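*Asks:* Have a look at this one before I ask anything.
The values are calculated or read from the model by the stated rules, or taken from the named source; none is laboratory data. Given the structure is predicted, the values throughout are model-derived calculations rather than measurements. Here the Cβ positions follow ideal geometry from the backbone for every residue, glycine too, while neighbour counts run over all protein chains shown.
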Amino acid sequence: MAIPVKLNVFEGPLDLLLHLIDKNKIDIYDIPIVEITDQYMEYIHSMEEEDLGIMSEFLVMAATLLDIKCKMLLPKEINEEGEEEDPRAELVEKLLEYKMYKFMSYELKERMDDAGTVFYKKPTVPPEVLCHREPVDPRELLAGLTLEKLNAIYKSIIRRQEDKIDPIRSKFGKIEKEEVSLSDKMLEMKEFARTHRRFSFRSMLEKQCSKVQVIVTFLSILELMKMGHIQVEQESLFDDIQVEVVTDPDTWKNLTENADDE
């Protein structure tokens, strides 16, 4: 049996559903979806709200309730764990979350109202009183102090400092940016080519001390190939690449300009 709803304004469809659940004294974990849907649709038909944006929210919830109502008439689905799925579960979760935030808003409003009745008085202590410092007698502070107590105090301070040190991050090294220019690497390759007319590409890369060095060396090889100073060959797939110098390194010019243009 439907109940008359006298409230004309709700903050949203979830607010209306909570009102209907409280009005009918229904367990939120076991919502009679047929009864609630009928009452919800009755309120939708009686709404005089002309704002289509607000009406659309209530209509979306109405469609959701009708969808759940249809699923309740069908055989229940079984999830992967072998348990029956409740079509109302997602709606119940949303209602509980909305109810929690709603009560939190009430509590915040009460605190705001209470704060409006509290007044604070600025300090009016005279400056000469604020500047006053009680005299300290060093003999009283050091009374009964021995070397053993000083040693204990020192060890406790050191222990606290050691506790603040991260045992893992403290062993990390400092990462610094390595500046390696392509032009400098090509000049280095020129000097290397004077005494190595044929060499292994892999061995050349293995001699580099960092990833940046490997990358710049690789780029310099490509640049020298494009300029026609060297050529590479590989007998079969995954074999080592052999680099052969085909021109006299003394004739290599404009290496810096070409590298800078790249």
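*Asks:* Assuming residue 199 fulfils every condition listed in (1) in a helix (DSSP H, G or I); (2) surrounded by 11 or more Cβ atoms within 10 Å (Cβ to Cβ) apart from one, which condition is it?
*Replies:* Evaluating residue 199 over (1) in a helix (DSSP H, G or I); (2) surrounded by 11 or more Cβ atoms within 10 Å (Cβ to Cβ) leaves (1) as the failure.
*Asks:* Let me ask something additional. Every residue in region 79-98 that is more than 21 Å from residue 63 (Cα to Cα) and either touching a strand residue (DSSP E or B) at 6+ places or on another chain (Cβ under 7 Å) or surrounded by 11 or more Cβ atoms within 10 Å (Cβ to Cβ) (or both), please.
*Replies:* Scanning region 79-98 gives a single hit, 84.
*Asks:* Residues in region 46-56: is at least one at pLDDT 80 or above, of a type in the set (Gly, Ala, Ser) and not in a loop (DSSP other than H, G, I, E, B)?
*Replies:* no
*Asks:* Related question: Please state which one of 93, 81 is in the same structural domain as residue 38 (by TED's automatic domain parsing) and assigned to a helix (DSSP H, G or I).
*Replies:* 93
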